[in-house]
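A short write-up of the structure that comes next.
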Amino acid sequence: MTQDELKQAVARAAVEYVKGGIIGVGTGSTANYFIDELAKVKGRIDGAVASSEATAQRLRGHGIDVVDLNSVASMEIYVDGADEITKHMHMIKGGGGALTREKIVAAVAKKFICIADESKLVGMLGKFPLPVEVIPMARSYVARELVALGGNPALRQGFTTDNGNVILDVHGLTIMNPVELENKINSIVGVVTNGLFAARAADVLLLGTSAGVQTMKAE
Ligand code: 5RP
């Protein structure tokens, strides 16, 4: 099976978790497959909260109501992809630059369902450069702090987040303790958030493999 077919398979599997109410929807190519599958059962839900402008546009294109998170008191599920995920359900996200809104929507949801093809499952996080969303005027200061933490930050060229900020992609990190590093980076003044999703990890991973979709939970 191709990587796209694996992404489609996990997107289909995630629809089984859609029972009703408002759901949170992530960003990226795997999330896009999920949106396309969600469109087939859109009568089941009252609407969706989008984690990016791109996702909002795709949801609306399918006739799915996009709801402001501020009007949502509770949400059963958030469905999104990942750039890397471990068996502990810790993730690196933000390859698409939507990490901050993704983290906010995920925080509200009771269950985070990660959908990913098997290439995303790793033993240790960090091969994928860690995205850090930064207030533009703090870019150089934050970069120096990230170097002090052992990373090699690179400005994502020609990219501005939906929040009007820049992204530093941090190469070369050995992430032994994802929760600690997530908190440490988030405490640097000027950082909006970083792409480690460890403090709030996924609850379920639907992993697309050539042998079928595997359902995994934190070990
Ligand atoms: C976007 C993300 C995506 O979930 C992540 O980049 C995975 O993308 P894809 O499903 O295209 O592989 O965090 O900010």
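Read-outs: derived from the displayed coordinates by stated rules, not from any lab. No experiment lies behind these values; they were computed from the predicted model shown. Virtual Cβ from ideal backbone geometry, glycine too; neighbours counted across all protein chains shown.
Computed quantities for the displayed model
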| quantity | calculated |
| --- | --- |
| Label point at Lys110 placed 7 Å out along Cα→Cβ; residues across the stretch 175-219 whose backbone nitrogen lies under 20 Å | 200-206, 216-218 |
| For the chain, built as a Gaussian network whose Cα springs stay under 10 Å, the top-fluctuating residue of Ala201, Ala138, Ala82 | Ala138 |
| Cα Rg, Dmax, the stretch 51-180, angstrom units | 15.7, 47 |
| About the Cα centre, charge dipole magnitude for the stretch 164-219 (Lys/Arg +1, Asp/Glu -1 at Cβ), debye | 60 |
| Built amide H within the under 5 Å cut-off of Ala154, gap 5+ | Asp169, Val170, His171 |
| Positive-end residue, the chain charge dipole about Cα centroid, Cβ charges, pick of Gly28, Tyr78, Val41 | Tyr78 |
| Calculated from backbone phi, Karplus (6.51, -1.76, 1.60) coupling profile of the stretch 14-27 in Hz, x at Gly/Pro | 5, 4, 4, 8, 8, 10, x, x, 9, 10, x, 10, x, 10 |
| The stretch 115-178: mean projected area of Cα convex hull, nm² | 5.4 |
| Cα-centred dipole magnitude for the stretch 1-143, charges only on beta-carbon of K, R (+1) and D, E (-1), debye, nearest 20 | 200 |
| Computed Kirkwood radius, in angstrom, where 1/r is averaged over Cα pairs of the chain | 17.4 |
| Estimated dipole of the stretch 134-199 in Debye, rounded to 20 [Cβ of Lys and Arg +1, of Asp and Glu -1, Cα centre] | 160 |
| Residue of Asp117, Asp68, Asp80 that the Gaussian network model of the chain assigns the largest fluctuation, springs spanning Cα pairs under 10 Å | Asp68 |
| Additional length obtainable on full extension of the chain from Thr215 to Glu5, 0.36 nm per residue less Cα span | 73.9 nm |
| Of every Cα-Cα pair in the stretch 20-95, the percent that sits beyond 15 Å | 53 |
| Candidates Ala107, Ala116, Ala202, ranked by Gaussian network fluctuation over the chain, Cα under 10 Å, top entry | Ala107 |
| Additional length obtainable on full extension of the chain from Lys127 to Leu149, 0.36 nm per residue less Cα span | 6.3 nm |
| Glu16 versus Asp36: modelled label distance in nm, points set 7 Å from Cα along the beta carbon direction | 2.1 |
| Fully extended contour minus Cα-Cα distance, from Val179 to Asp203, at 0.36 nm per residue | 7.1 nm |
| The stretch 132-142 - phi-based ³J(HN,Hα) in whole Hz, Karplus 6.51/-1.76/1.60, Gly and Pro as x | 10, 8, 10, 5, x, 5, 9, 3, 6, 4, 4 |
